[in-house]
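Worksheet: one structure, shown below.
The values are calculated or read from the model by the stated rules, or taken from the named source; none is laboratory data. Please read these numbers as outputs of a predicted model, since none were measured by experiment. Here the Cβ is made from the backbone with ideal geometry for all residues, glycine too, and neighbour counts use every protein chain on show.
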Amino acid sequence: MNYKKKLVLPFIAVLLISSVLAISVSASGEGPETTNTSFFPFTGAKAVYTVEGNSPLGHLIGTMTYTVKTVDETSYTVNITTEGNISKIPSLVKSDTRRLERNEPLSFSSVIEKSDLVSEKILSVGEREIKVNKYLMESEKEFGREKITIFIPERVKVPLIITYRYSNRFDVTIELDKTNVEYLQ
């Protein structure tokens, strides 16, 4: 009987240590094909944006859906689809597939690259408050001033709100409507 007790205690210790290690690796979101929806990117991550605004061709309304197809050690691939009449927005919105580095935001990364970080803010999302960085890109174009503002959480690289203003020609707001990224729910 004493012999069995001596074997059971080390077995329980090994089992307990293994469980703790498995939980910590799972929670860290490490590994190329993680599906832990608390971390981004992960295969199957989805963000649906509503798009609404005005253009010289009339009222714009539609959706953009970003779906992460693959994730590896250094990059991820995202498929972008659009619905509605939002194809009138110059080069900001188009359906395609993109390969992004793991540290790049889900969308508008080329705009963020050229933008200035102008402030850090706290945005209310439902019952929660999320710390975000506000990026601003302004430039002079043929028909006036172009201004793009992006609010992106520090912790999860999924933009929440994007505004696009171009003189009196375009006035568009793109806002995260639905996502399966737990941190943003």
Evaluation of Asp177 against (1) exposed (fewer than 14 other Cβ atoms within 10 Å of the Cβ); (2) over 14 Å from the mean Cα position of the chain (by Cα) (one fails), failing number: (2)
Return yes or no: is Ser87 at pLDDT below 90 and either in the same structural domain as Leu106 (by TED's automatic domain parsing) or among the charged types (D, E, K, R) (or both)? yes
Inside the stretch 157-171, can you point out the residues that are part of a loop (DSSP other than H, G, I, E, B), buried (at least 16 other Cβ atoms within 10 Å of the Cβ) and touching an Asp or Glu at 6+ places or on another chain (Cβ under 9 Å)? Lys157, Leu160
Determine which member of the set Leu123, Leu117 is over 17 Å from the mean Cα position of the chain (by Cα), over 23 Å from His59 (Cβ atoms) and among the aliphatic types (A, V, I, L, M). Leu117
Could you tell me whether any residue of the stretch 134-151 is touching a residue at least 40 places away in the same chain (Cβ under 8 Å), out of contact with any Ser or Thr (no Cβ under 9 Å at 6 or more places or on another chain) and in the same structural domain as Gly58 (by TED's automatic domain parsing)? no
Could you tell me whether any residue of the stretch 114-130 is in contact with a strand residue (DSSP E or B) (Cβ under 9 Å, 6 or more places away or on another chain) and surrounded by 20 or more Cβ atoms within 10 Å (Cβ to Cβ)? no
